[in-house]
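One structure is given below, encoded as structure tokens.
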Amino acid sequence: MQPPNDTELAVLATATGQLLLAGRHMLVTAESCTGGWIAKCMTDVAGSSAWFDCGMAAYSYEAKQALLGVRPQTLEQHGAVSRECVVEMVSGALVHSGASIAVAVTGIAGPSGGSDDKPVGTVWIGWKRRGGYARAEVFHFEGDRDAVRRQTVATALRGIAHLLA
């Protein structure tokens with residue numbers, strides 16, 4: 001399966017924005033392996049200020065702790081690429097923003113950095129509504145760094161639409 005191209009990502013972002021607008025929601029993103037790509041896709045859509053609050057690209061452990069409130073113990077015990085970390089990231093994004101919907105991503109895009117238990121392409125994505133419970137899922141994407149990141153962005157956007165359905 002081919003990773004989504006720029007046009008496909010733009011279509012997903014536009015559709016997601018329409019759902020956010022219809023529900024009067026504001027979105028916050030907390031991104032590690034995508035480095036702000038979800039926020040970029042969303043803000044490429046004209047009128048996104050009506051439904052996009054902010055995006056945080058928290059790549060390092062220190063940034064995850066400072067910007068999103070990820071606990072040092074979580075990172076020490078489970079690592080950044082874990083269910084526990086993405087749940088704290090998505091929850092922290094809501095705490096540190098005015099948004100009502102959050103998405104967070106953390107993973108190993110490659111080409112290096114993988115291990116036997118967390119190979120390259122392992123990505124955790126979390127979604128949460130303010131006042132609700134976080135939903136987190138692990139994905140194992142294939143391809144090079146760009147392909148893994150594109151698939152992560154697309155899956156994150158589809159998950160927002162699912163959350164709002």
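The values are calculated or read from the model by the stated rules, or taken from the named source; none is laboratory data. On a predicted model such as this, the values are computed, not experimentally measured, just so you know. Note that each Cβ is placed from the backbone with ideal geometry, even for glycine, and that neighbours are counted across all protein chains shown.
Just to be sure I understand, how many residues within region 98-123 are part of a loop (DSSP other than H, G, I, E, B) and surrounded by 20 or more Cβ atoms within 10 Å (Cβ to Cβ)? If you could, list the steps in order and put the result at the bottom.
Of region 98-123, the ones part of a loop (DSSP other than H, G, I, E, B) are 98-100, 108-121.
If we keep only those that are surrounded by 20 or more Cβ atoms within 10 Å (Cβ to Cβ) too, we end up with 99-100, 108-110, 120-121.
Qualifying residue count for the region: 7.
Output the qualifying pairs, or none if there are none: Cβ atoms under 7 angstrom, residues six or more apart or on different chains, first residue in region 96-121 and among the charged types (D, E, K, R), second residue modelled with pLDDT of 95 or more.
Cβ pairs passing all conditions: LYS118/VAL81; LYS118/ILE108.
Okay, residues lined up against (1) crowded, with 19+ Cβ neighbours inside 10 Å; (2) out of contact with any helix residue (DSSP H, G or I) (no Cβ under 9 Å at 6 or more places or on another chain); (3) polar (S, T, N, Q):
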site	(1), (2), (3)
ALA50	no, no, no
MET56	yes, no, no
ALA63	no, yes, no
VAL70	yes, no, no
GLN77	no, no, yes
GLU84	no, no, no
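Of the conditions (1) more than 27 Å from GLY23 (Cα to Cα); (2) in a helix (DSSP H, G or I); (3) in contact with a Ser or Thr (Cβ under 9 Å, 6 or more places away or on another chain), PHE139 clears all except one; give me its number.
Among (1) more than 27 Å from GLY23 (Cα to Cα); (2) in a helix (DSSP H, G or I); (3) in contact with a Ser or Thr (Cβ under 9 Å, 6 or more places away or on another chain), PHE139 violates only (2).
Here is a list of conditions, (1) over 24 Å from ALA154 (Cβ atoms); (2) polar (S, T, N, Q); (3) not in a helix (DSSP H, G or I), and THR74 meets all of them except one; can you say which number that is?
Every condition holds for THR74 apart from (3).
Would you mention how many residues in region 1-54 are among the charged types (D, E, K, R) and not in a helix (DSSP H, G or I)? Walk me through how you get there before you give the answer.
Going residue by residue through region 1-54, those that are among the charged types (D, E, K, R) are 6, 8, 24, 31, 40, 44, 53.
Now drop any that are not not in a helix (DSSP H, G or I), which leaves 24, 31, 44, 53.
Going through region 1-54 one residue at a time, the tally reaches 4.
Looking only at region 55-67, decide whether some residue is in contact (Cβ under 8 Å) with a residue 40 or more places away in the chain, part of a loop (DSSP other than H, G, I, E, B) and over 17 Å from ALA154 (Cα atoms).
no
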